[in-house]
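*Asks:* What follows is a single structure, and I will ask about it in a moment.
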2 protein chains.
Amino acid sequence: MINAGAKVDNELPTISLKAVGIVRNEIKQSPIQGWGKVVSEIVVDPSLTEALDNLDEFSHIIVLYWMHQHSPGQPPTKVHPRGNREVPLKGVFATRSPNRPNPVGKATVRLLQRQSNILTVEGLDAIDGTPVIDIKPYIPGYDSADSARVPQWITEE
Amino acid sequence: MINAGAKVDNELPTISLKAVGIVRNEIKQSPIQGWGKVVSEIVVDPSLTEALDNLDEFSHIIVLYWMHQHSPGQPPTKVHPRGNREVPLKGVFATRSPNRPNPVGKATVRLLQRQSNILTVEGLDAIDGTPVIDIKPYIPGYDSADSARVPQWITEE
């Protein structure tokens, strides 16, 4: 088992990527309650403007972003969901906490408008200045799961 | 406009991250048809084993992975969806093509089992040896969108 573990760790590569855009909105600090109605602009690298063509044929998009206020590295392996100490500690991969080994966020948001290299979206839970890593169309069936089961603590306040 | 564009580009950071696990399955080359029934193991860095606790309380998980056969950099801004030349070129951000500026894949998969640092999942569309960047619980409502609209070409064969 120890050998198997070491073998995996040796294979884990370091990955380098460059942000493709930046989030612009009125939210300067996280967390807030009720991201659902927040309207944000995603300002995309102008050299990638053409890569956004056809995106506005979709009502919803998936945004992958870098939660830059949280450093990668050695976060705690267990956290209280939503910082609520009344909920017992859970493995961080079982939560959406930004305190995770790679602080990449993933949001499904409504695309309100695309103008040139700027996307206007609703419901993106990322603060002003957040780097965007990737933008994808949301495809029901591929991105959604019917009758998914979740534990009660994930939705408890 | 040129100044605005230059400003955005100057702000786009380079991001470094380390894979947290590796995909193990029988698929040595992409693409294949019908990933839906492919069973894969995700072998996670043993130092992160505890971070997987509670994940098996969810029926489905989201896997972010690095499509390592596709280099980041300057891919085409337009592609034929699924490589099908009968479908006109589309902006790459409007497709799920791996030929994208940051080749990060995002899959929603069924979690069949968790044993120590190994997750067994069904439907992960990643080949053997793919580095995994992040693992998240799938949360209906947050990760799904009701009545999402997509263009016809996204599902055409």
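The values are calculated or read from the model by the stated rules, or taken from the named source; none is laboratory data. Fair warning: this is a prediction, and the values are worked out from it, not measured in the lab. When we count neighbours, we look across all protein chains shown, and the Cβ atoms used for this are built from the backbone with ideal geometry, even at glycine. Each accessible area value is taken on the protein alone, full model and side chains, heavy atoms only, with ligands, DNA and RNA left out. Shrake-Rupley method; radii C 1.70, N 1.55, O 1.52, S 1.80 Å.
*Asks:* Rounded to the nearest 20 debye, what is the charge dipole size of the stretch A:69-111 about its Cα centre when +1 sits on each Lys and Arg Cβ and -1 on each Asp and Glu Cβ? Can you show the working numbers first?
*Replies:* Details: 8 positive and 1 negative charges, 26 e Å.
Roughly 120 debye, rounded to the nearest 20.
*Asks:* Next up: Determine the dipole magnitude for the stretch A:52-157: charges of +1 sit on the beta-carbon of Lys and Arg, -1 on that of Asp and Glu, nothing else is charged, the reference point is the Cα centre, and the result goes in debye to the nearest 20. Numbers along the way, then the final one.
*Replies:* On the way: 11 positive and 12 negative charges, 107 e Å.
Here the stretch A:52-157 has a charge dipole of around 520 debye.
*Asks:* Let me ask something additional. Using modelled amide H (1.01 Å from N, peptide plane; none on Pro or chain starts), what sits under 5 Å from the amide H of residue B:21, excluding residues fewer than 5 places away?
*Replies:* B:45, B:132
*Asks:* Another question, then. Summarise the partner chain shielding of A:126-135 as one whole number: the mean count of Cβ atoms from other chains within 10 Å of each residue's Cβ. Numbers along the way, then the final one.
*Replies:* Details: counts 0, 0, 0, 1, 0, 5, 2, 7, 9, 7.
So the per-residue partner count for this stretch is 3.
*Asks:* Grab the other residues whose beta carbon is less than 10 angstrom from that of residue B:80, score K and R as +1, D and E as -1, and report the net.
*Replies:* Values: positive: B:78, B:82, B:85, B:90; negative: B:86.
In short, +3.
*Asks:* Another one. Using only Cα atoms, find the angle between the long axis of helix A:2-11 and the longest principal axis of chain A, and express it within 0 to 90 degrees, rounded to the nearest 10.
*Replies:* Result, in degrees: 20.
*Asks:* Using a 1.4 angstrom probe, figure out how much accessible area chain A has per residue, in square angstrom, rounded to the nearest whole. Before the final figure, lay out the partial values.
*Replies:* Numbers: 7320 Å² over 157 residues.
Averaged over the residues of chain A, the accessible area is 47 Å².
*Asks:* Averaged over peptide A:114-125, how many Cβ atoms belonging to another chain are found within 10 Å of each residue's Cβ?
*Replies:* 1
*Asks:* Using only the Cα atoms of the stretch A:79-127, build the gyration tensor, take square roots of its eigenvalues as a ≥ b ≥ c, and label the shape rounded, prolate or oblate: rounded if a/c is under 1.5, else prolate if a/b is larger than b/c, else oblate. Display every interim value, and only then the final one.
*Replies:* On the way: a/c = 4.14, a/b = 2.69, b/c = 1.53.
It comes out prolate by the Cα gyration axes.
*Asks:* Next question, about the same structure. For residue A:85, go 7 angstrom from Cα along the Cα-to-Cβ vector, then report the distances to that same point in the other copies in nm, smallest first.
*Replies:* 6.5
*Asks:* For the protein assembly as shown, what Kirkwood radius comes out of the mean inverse Cα-Cα distance, in Å?
*Replies:* 19.9 Å
*Asks:* Point me to the residue of chain B whose C-beta lies closest to the B-onto-A rotation axis, rounding the distance to whole angstrom.
*Replies:* Measuring from each Cβ to the axis, the minimum is at B:144, 2.
*Asks:* Over chain A, what is the relative contact order in percent, taking alpha-carbon pairs closer than 8 angstrom and at least six residues apart? Working shown, then result.
*Replies:* Numbers: 260 pairs, mean separation 53.9, N = 157.
After rounding, I find 34 percent.
*Asks:* Just for the Cα atoms in the stretch A:6-157, what are the lengths along the principal axes, largest first, rounded to whole Å?
*Replies:* Over the stretch A:6-157, Cα extents along the principal axes are 45, 39, 34 Å.
*Asks:* Once the principal axes of the Cα atoms of the stretch A:14-81 are found, what is the range along each, listed largest first in whole angstroms?
*Replies:* Principal-axis extents of the Cα atoms in the stretch A:14-81, largest first: 41, 35, 21 Å.
*Asks:* Return the long-range amide H neighbours of residue A:60 (sequence gap of 5 or more, or a different chain), with a cut-off of under 5 Å between placed amide H atoms.
*Replies:* Residues meeting the amide H criterion: A:111, A:138, B:149.
*Asks:* Kindly give the distances from residue A:70 to its copy-mates, label point to label point, with each label point 7 Å from Cα along Cα→Cβ, as nm values to one decimal ordered shortest first.
*Replies:* 2.6
*Asks:* Related question: Work through the residues other than residue B:145 whose Cβ is under 9 Å from its Cβ and net out their charges, Lys, Arg +1 and Asp, Glu -1.
*Replies:* Details: positive: A:110; negative: A:143, B:143, B:146.
That works out to -2.
*Asks:* Turning to a different aspect of this structure: Calculate what fraction, in whole %, of the accessible area of the protein assembly as shown sits on carbon and sulfur atoms when a 1.4 Å probe is rolled over the protein chains.
*Replies:* Values: 7150 of 14640 Å².
Ligands and nucleic acids excluded, carbon and sulfur give 49 percent.
*Asks:* So how much accessible surface do B and A hide from each other in total, probe 1.4 Å, in square angstrom to the nearest 100? Write down the numbers at each step before the final one.
*Replies:* Details: alone 10980 and 10960 Å², together 14640 Å².
Counting both chains, the buried surface is close to 7300 Å².
*Asks:* Then there is this: Over the whole of A:104-110, what's the average partner chain Cβ count within 10 Å per residue? Rounded to a whole number, please. Could the numbers behind the result be given before it?
*Replies:* Details: counts 8, 2, 8, 2, 6, 1, 2.
That average works out to 4.
*Asks:* How large is the helix-only mean residue ellipticity at 222 nm for the protein assembly as shown, computed as the sum of -39500 (n - 2.57) over DSSP H runs with n ≥ 4, divided by its residue count, in deg cm²/dmol to the nearest 500? Present the calculation step by step, with values, prior to reporting the outcome.
*Replies:* On the way: 2 runs with 20 residues, N = 314.
Using -39500 (n - 2.57) per qualifying helix, the result is -2000 deg cm²/dmol.
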